[in-house]
1. Quick check: the angle from helix 87-100's long axis to the longest principal axis of the chain, C-alpha only, nearest 10 degrees?
2. Report the full-extension gain for the segment residue 65 to residue 124: residue separation times 0.36 nm, less the Cα-Cα distance, to one decimal in nm.
3. Between residue 154 and residue 112, take the C-beta separation as r, use R0 = 41 Å, and let me know the FRET efficiency to the nearest 0.05.
4. Could you line up 6, 61 from fewest to most neighbouring Cβ atoms inside 10 Å?
5. Please compute the contact order of the stretch 155-222 in relative form: average sequence separation of alpha-carbon pairs under 8 Å and at least six residues apart, divided by the residue count, as a percent.
6. Can you give me the Rg/Rh ratio for the stretch 135-222, using Cα atoms for both radii and the Kirkwood formula for Rh?
7. Could you sort the peptides 271-284, 7-20 by per-residue average Cβ neighbour count (10 Å cutoff), highest mean leading?
8. With contacts defined as alpha carbon pairs under 8 Å and 6 or more residues apart, what's the relative contact order of the chain in percent?
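Just so it is clear, none of the values below were taken in a lab; they were calculated from the coordinates. Given the structure is predicted, the values throughout are model-derived calculations rather than measurements. Neighbour counts run over all protein chains shown; Cβ positions are idealised from the backbone, glycine included.
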Ligand code: UTP
């Protein structure tokens, strides 16, 4: 089997308007909503780094300058914390700033959709394969989801690999759904994608789910993709065109996806992360039990 090029770059689209999370997202981008002690976007950057990404390209837009500020160095704050004997916090602040050294910022002039956001990163990516991690989706997994995609990419000898997760058939009309042939454990060779299929017409129950590994061939397809659902340039439409020219696989990843784009799912994510965390789990369980007792009394 051929030896495909290494995956060293990740793109995180984070330029969206976040309308489902207004008014909270008016001044604080939804990608910066906290999940325990750090913003969602930091968890996502850390996932990319754990998958081997040396360069992280974050696509942002006017009004979302707070994204950059989170990853900027803060020597005065670090010094103050160190002087106050808060070494752990100083190290945590420094760690966020250190991630910033890997980040290249790219502007999306107008929110024309996920596909357009990825295309805005084309020059920064260059001619190499790259990961895409949606800036408002966390995937709680033992092996970081993006790493699972990179491992699958090497197993199949290159090409694109799309992260998938099973969804109940009655919910398929909400998602991009794939058609494919099983070629290994949780691995499919894809031959079609359908964006938001009508109820009963989905070719499978496997939905495209927030993580992608794409070859640079996707940029050619994106340049030719016309606006689709909602007048936006859809990444799904470009992948559909790509699979006519190049192999595209789908991997049903191991992990749970949390969409942070709306308050209820966000709440779900915070609780799930807290129940997974040794510092929070027991105390949160205790407090939730207290709330339940109050509600029942
Ligand atoms: P979403 O469609 O969930 O984000 O895109 P949105 O457009 O901000 O959400 P609503 O519908 O207005 O509530 C998934 C990811 O892609 C980014 C978003 O920032 C989010 O992280 N995105 C989306 C862009 O970077 N540019 C776009 O034009 C659209």
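1. Computed tilt is about 30 degrees.
2. Taking 0.36 nm per residue and subtracting the Cα distance, the gain is 19.3 nm.
3. Efficiency at R0 = 41 Å is approximately 0.80.
4. Final ranking by Cβ density, sparse to dense: 6, 61.
5. Taking the mean separation of contacting Cα pairs over the length of the stretch 155-222, I get 43 percent.
6. The Rg/Rh ratio comes out at 0.96.
7. The densest-packed peptide leads the list: 7-20, 271-284.
8. Computed over the chain, the figure is 22 percent.
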